[in-house]
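Shown next, in structure tokens, is the structure this report addresses.
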Amino acid sequence: MRYAPATGRPCRVVVLISGGGSNLAALLQACDEPGYGAQIVAVGADRESAGGLKLASDAGVPTFVDRVSEYPARDAWDQALTEHVAAYEPDLVISAGFLKLVGPEFLERFEGRYINTHNSLLPAFPGMNGPKEALEYGVKLTGATLFFVDAGMDTGPILAQVSVPVLPDDDVETLTERIKVAERAQLVECVGRLARDGWTLEGRRVTVP
Ligand code: GRF
């Protein structure tokens, strides 16, 4: 499936977060650059405490929060999240530290347009503790992966990867921070290319012209 770049306007992006939003901050800064090609039209979170919400509102970007506990069932949350994101008519939805697996309705609505950044070199160390598990395993290289989200946990088609060395005196914190630096640069570079050039997704093969 080919996703053409938006013509005559920037690519509309909704970013989903749960945390401090350093990836969001990098994207907001990039979107201010002339010619970057993307505009963040809304930021959504699954919790009020997500620090990135303030970054967004300070930048004049609309925000919304959908807490799972507000809904009678997970499907109802998924439906509400889908509708809230869809209301902003995004070309691309980015999970940037969003600590929730979305459900079938969301995946169907944003199929091929929903990407996630993860702090390991997938398929190694999926899930919530990528840097910790990489350290415990003793790998010498880890990194970050940008991928299209599918129904699995960190299993979708891979868009880009960047490697980061594991240093002998690393702890979880230092490794996590080193990965985040490379992860942000990759996210900004790749989202700009997607926005300006579009992309093709065929099975697990992703092509950005
Ligand atoms: C990123 O490293 C992401 O891979 C992980 O959570 C981090 C989000 O950080 N799932 P931030 O909220 O963008 O600072």
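The values are calculated or read from the model by the stated rules, or taken from the named source; none is laboratory data. Since the model is a prediction, treat every value here as computed from it, not as a measurement. Here Cβ is always computed from backbone atoms with ideal geometry, including for glycine, and neighbour counts include all displayed protein chains. Remember, those area values only see protein heavy atoms, side chains included, never the ligands or the DNA or RNA. Shrake-Rupley method; radii C 1.70, N 1.55, O 1.52, S 1.80 Å.
Considered as a group, the residues in region 177-204 that are under 13 Å from residue 117 (Cβ atoms) and not hydrophobic (A, V, I, L, M, F, W, C) include one that is farthest from the ligand (Cβ to nearest atom), and that residue is 189.
Of everything in region 38-52 that's β-branched (Val, Ile, Thr) and within 16 Å of the ligand (Cβ to nearest atom), which residue is farthest from residue 10 (Cα to Cα)? Spell out how you get there, then give the answer.
From region 38-52, those β-branched (Val, Ile, Thr) are 40-41, 43; that's our starting set.
Among the residues that remain, those that are also within 16 Å of the ligand (Cβ to nearest atom) are: 40, 43.
On the way: 40: 9, 43: 16 Å.
Top of the filtered list is 43.
Working only within region 141-176, note down all residues that are more than 12 Å from the ligand (Cβ to nearest atom) and touching a strand residue (DSSP E or B) at 6+ places or on another chain (Cβ under 7 Å). Selection gives 141, 148, 149, 156, 157, 158, 159, 160, 161, 163, 165, 166. Being at pLDDT below 95 and over 16 Å from the mean Cα position of the chain (by Cα) is the requirement here; does residue 62 meet it? The answer is no for residue 62. Please verify whether region 63-74 includes one or more residues that are within 16 Å of the ligand (Cβ to nearest atom), open to solvent by 20 Å² or more (accessible area, probe 1.4 Å) and of a type outside the set (D, E, K, R). Yes - at least one qualifying residue is present in region 63-74.
Residues that are away from the ligand (no atom under 16 Å from the Cβ), more than 22 Å from residue 107 (Cβ to Cβ) and open to solvent by less than 70 Å² (accessible area, probe 1.4 Å) within region 7-37 comprise 10, 35, 36, 37, listed in sequence order.
Of all the numbered requirements in (1) surrounded by 15 or more Cβ atoms within 10 Å (Cβ to Cβ); (2) at positive phi, residue 85 misses one, and that requirement is (2). Of the residues screened, residue 95 is one that is in contact with a Leu (Cβ under 6 Å, 6 or more places away or on another chain) and of a type in the set (Ser, Thr, Tyr). Annotation note: of 135, 122, the sole residue that is closer than 20 Å to residue 205 by Cβ, hydrophobic (A, V, I, L, M, F, W, C) and crowded, with 16+ Cβ neighbours inside 10 Å is 122.
Yes or no: residue 144 surrounded by 20 or more Cβ atoms within 10 Å (Cβ to Cβ), in contact with a His (Cβ under 7 Å, 6 or more places away or on another chain) and among the hydrophobic types (A, V, I, L, M, F, W, C)? So residue 144 fits the description; yes.
Among the conditions (1) open to solvent by 10 Å² or more (accessible area, probe 1.4 Å); (2) in contact (Cβ under 8 Å) with a residue 24 or more places away in the chain; (3) assigned to a loop (DSSP other than H, G, I, E, B); (4) not aromatic (Phe, Trp, Tyr), residue 49 misses just one, which is (2).
Among the conditions (1) part of a loop (DSSP other than H, G, I, E, B); (2) open to solvent by 10 Å² or more (accessible area, probe 1.4 Å); (3) within 16 Å of the ligand (Cβ to nearest atom), residue 55 misses just one, which is (1).
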